Amino acid sequence: MTRHVDVVVVGGGQAGLAAGYHLRRQGLDFVVLDAQATPGGAWQHAWDSLRLFSPAAFSSLPGRLMPVRPGEEYPDAGHVVTYLGDYETRYGLPVLRPVRVLGVHDEGRLLRVETDSGTWHARAVISATGTWWRPFLPAVPGRADFGGRQLHTVSYRGPGEFAGGRVIVVGGGNSGAQIAADLAYDTELTWVTRRPPRYLADDIDGRALFDAATARRRALDEGRADTGGVASLGDIVAVPPVREARDAGLLKASPMVVRLERDGVVWADGTRAPADAVVWCTGFRPALSHLSPLGLRGPRGRIATRGTRAVGEPRLHLLGYGDWTGPASATLIGVGRTARDAAREIAGLLGRDSRRRP
Ligand code: FAD
């Protein structure tokens with residue numbers, strides 16, 4: 001069965017919902033197709049102790065504030081899942097689940113969206129599939145030789161299963177710091193980072209992060225020097241559990257290891273540490289395989305964008321993923337503005353197309 005809409009939004013996490021909110025305001029006919037069985041996007045898969053690095057007051061999608069729970073400055077992932085579920089109900093967004101988009105194809109006047117439960121034809125597509133689904137592991141020599149357990153952030157749940165063990169946590173970002181702090185009390189922890197951990201000032205809030213990302217985008221757009229964005233402030237937001245472990249002296253970072261071997265890890269100076277498990281908190285890549293049929297990906301796998309619009313396909317917009325789709329587009333507070341811009345551009349494009357038609 002083939003169905004027709006103005007716009008198909010691929011992905012029903014926060015970016016897809018923000019897109020839906022603004023498409024509705026533009027009076028467009030759309031559907032959101034989401035591979036998850038339940039609302040909440042990647043947040044429903046986060047580890048138990050995860051704390052947002054942005055306080056609730058700075059973590060809202062357009063139109064509806066995230067409730068602030070008394071005494072909890074940085075919400076947990078469950079709070080976001082509830083918020084996103086409420087959000088799509090409140091606005092009656094047409095989200096279909098579980099529906100996985102397999103490929104987006106150019107069919108001349110329309111884009112054809114193939115899914116695991118049928119075909120859609122659309123005049124435009126917004127891709128909002130996030131990054132959680134493409135964990136990145138660095139090519140460290142000997143990784144395949146390690147005899148213990150290896151897992152990425154996406155598979156980490158909590159310290160219980162590692163209790164009493166020797167655990168190496170790799171990564172100096174928010175995930176690495178939070179998971180290291182989580183493991184610091186019950187395991188023999190070694191935290192390795194490529195450079196010494198850079199904590200943001202303890203009193204920094206989500207607004208400062210958003211402002212830094214916006215200032216960077218503006219500078220680049222105006223041809224001025226790169227301000228460095230959020231990275232200029234630091235890599236790690238010291239949410240309370242991280243602050244406590246750091247201040248207790250439990251978060252001492254070692255340099256990155258150069259090799260894994262059967263029983264542990266090895267540093268450049270030959271020092272070795274035995275290990276039972278390695279947790280790779282080494283980031284993600286955009287989940288874009290459904291766009292492969294459009295042949296838009298550049299040499300490093302990235303699709304070139306102007307704002308949110310794909311340079312090579314004006315009917316395709318990308319939301320979330322990273323700053324390359326707009327300032328702070330991959331955050332709760334930032335995605336609203338980029339979703340608004342995408343919906344406006346699509347409305348303009350489709351309006352022009354309609355007028356051109358006989
Ligand atoms: P997702 O939440 O991943 O949603 C994408 C949806 O698309 C998913 O439901 C997925 O199943 C679906 N999908 C994927 N492929 C397909 C397909 N082919 N067909 C159909 N559906 C598909 N941001 C903040 O603002 N504050 C924070 O404190 C914060 N903390 C973070 C902590 C961690 C550990 C991580 C990884 C990120 C954090 N972020 C934070 C960043 C960001 O807000 C999240 O990554 C967020 O989940 C991104 O939302 P999204 O909608 O872009 O992607």
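The values are calculated or read from the model by the stated rules, or taken from the named source; none is laboratory data. Please read all numbers here as calculations on a predicted model, not as lab measurements. With ideal geometry, Cβ positions are generated from the backbone for all residues, glycine too; neighbour counts draw on all protein chains shown.
Does region 161-184 contain any residue that is aromatic (Phe, Trp, Tyr) and modelled with pLDDT of 95 or more? For region 161-184, residues aromatic (Phe, Trp, Tyr) and modelled with pLDDT of 95 or more: present. For residue 57, indicate whether it is within 10 Å of the ligand (Cβ to nearest atom) and of a type in the set (Gly, Ala, Ser). No: the conditions fail for residue 57. Only one of the listed residues (225, 212) is modelled with pLDDT of 75 or more and assigned to a loop (DSSP other than H, G, I, E, B). That residue is 225. The single residue among 249, 223, 229 that is outside the structural domain of residue 275 (by the TED database) and surrounded by fewer than 17 Cβ atoms within 10 Å (Cβ to Cβ) turns out to be 223. Within 14 Å of the ligand (Cβ to nearest atom) and surrounded by 15 or more Cβ atoms within 10 Å (Cβ to Cβ), is that true of residue 322? Answer is yes for this residue. Whenever a residue of region 230-254 is at positive phi, its partners that are modelled with pLDDT of 90 or more and surrounded by fewer than 19 Cβ atoms within 10 Å (Cβ to Cβ), lying with C-beta atoms within less than 7 angstrom and at least six residues away or across chains, give the pairs 234/198; 234/199. With respect to the conditions (1) away from the ligand (no atom under 15 Å from the Cβ); (2) within 16 Å of residue 23 (Cα to Cα); (3) touching a helix residue (DSSP H, G or I) at 6+ places or on another chain (Cβ under 8 Å), residue 338 falls short on a single one, namely (1). Taking region 100-110 only, how many residues are buried (at least 18 other Cβ atoms within 10 Å of the Cβ) and in a loop (DSSP other than H, G, I, E, B)? Residues that pass the stated criteria total 0.
So that you can scan it fast, the table gives a plain yes or no per residue for (1) buried (at least 19 other Cβ atoms within 10 Å of the Cβ); (2) assigned to a helix (DSSP H, G or I); (3) not hydrophobic (A, V, I, L, M, F, W, C):
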position	(1), (2), (3)
73	no, no, yes
85	no, yes, yes
98	no, no, yes
112	no, no, yes
122	yes, no, no
132	no, no, no
138	no, no, yes
151	no, no, no
175	yes, yes, yes
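For region 1-57, a residue qualifies if it is among the acidic types (Asp, Glu), within 20 Å of the chain's Cα centre (by Cα) and surrounded by 18 or more Cβ atoms within 10 Å (Cβ to Cβ), and exactly one does: 34. Checked across region 268-279, the condition of being within 26 Å of residue 34 (Cβ to Cβ), within 16 Å of the ligand (Cβ to nearest atom) and either at pLDDT 95 or above or surrounded by 14 or more Cβ atoms within 10 Å (Cβ to Cβ) (or both) holds for no residue. Please state which of the following conditions residue 144 fails to meet, knowing it meets all the rest: (1) of a type in the set (A, V, I, L, M, F, W, C); (2) away from the ligand (no atom under 11 Å from the Cβ); (3) touching a residue at least 60 places away in the same chain (Cβ under 8 Å); (4) outside the structural domain of residue 347 (by the TED database). Among (1) of a type in the set (A, V, I, L, M, F, W, C); (2) away from the ligand (no atom under 11 Å from the Cβ); (3) touching a residue at least 60 places away in the same chain (Cβ under 8 Å); (4) outside the structural domain of residue 347 (by the TED database), the lone unmet condition for residue 144 is (3).
Note on region 92-124: residues that are in contact with a His (Cβ under 8 Å, 6 or more places away or on another chain) and away from the ligand (no atom under 11 Å from the Cβ) total 8.
For region 262-299, the set of residues classified as assigned to a strand (DSSP E or B), basic (Lys, Arg) and closer than 30 Å to residue 111 by Cα consists of 297 only. Within region 153-212, the set of residues being among the basic types (Lys, Arg) and within 14 Å of the ligand (Cβ to nearest atom) comprises 157, 207.
Residue by residue, here is whether (1) farther than 29 Å from residue 160 by Cβ; (2) more than 8 Å from the ligand (Cβ to nearest atom) holds:
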residue: 2; (1), (2): yes, yes
residue: 5; (1), (2): yes, yes
residue: 8; (1), (2): yes, yes
residue: 16; (1), (2): yes, no
residue: 32; (1), (2): yes, yes
residue: 41; (1), (2): no, no
residue: 61; (1), (2): yes, yes
residue: 71; (1), (2): no, yes
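Could you say whether any residue in region 21-36 is of a type in the set (D, E, K, R) and part of a loop (DSSP other than H, G, I, E, B)? Yes - at least one qualifying residue is present in region 21-36.
Filtering 139, 163 for residues that are without any contact (Cβ under 8 Å) to a residue 60 or more places away in the chain, over 19 Å from residue 321 (Cβ atoms) and either in the same structural domain as residue 44 (by the TED database) or touching an Asp or Glu at 6+ places or on another chain (Cβ under 6 Å) (or both) leaves a single hit, 163.
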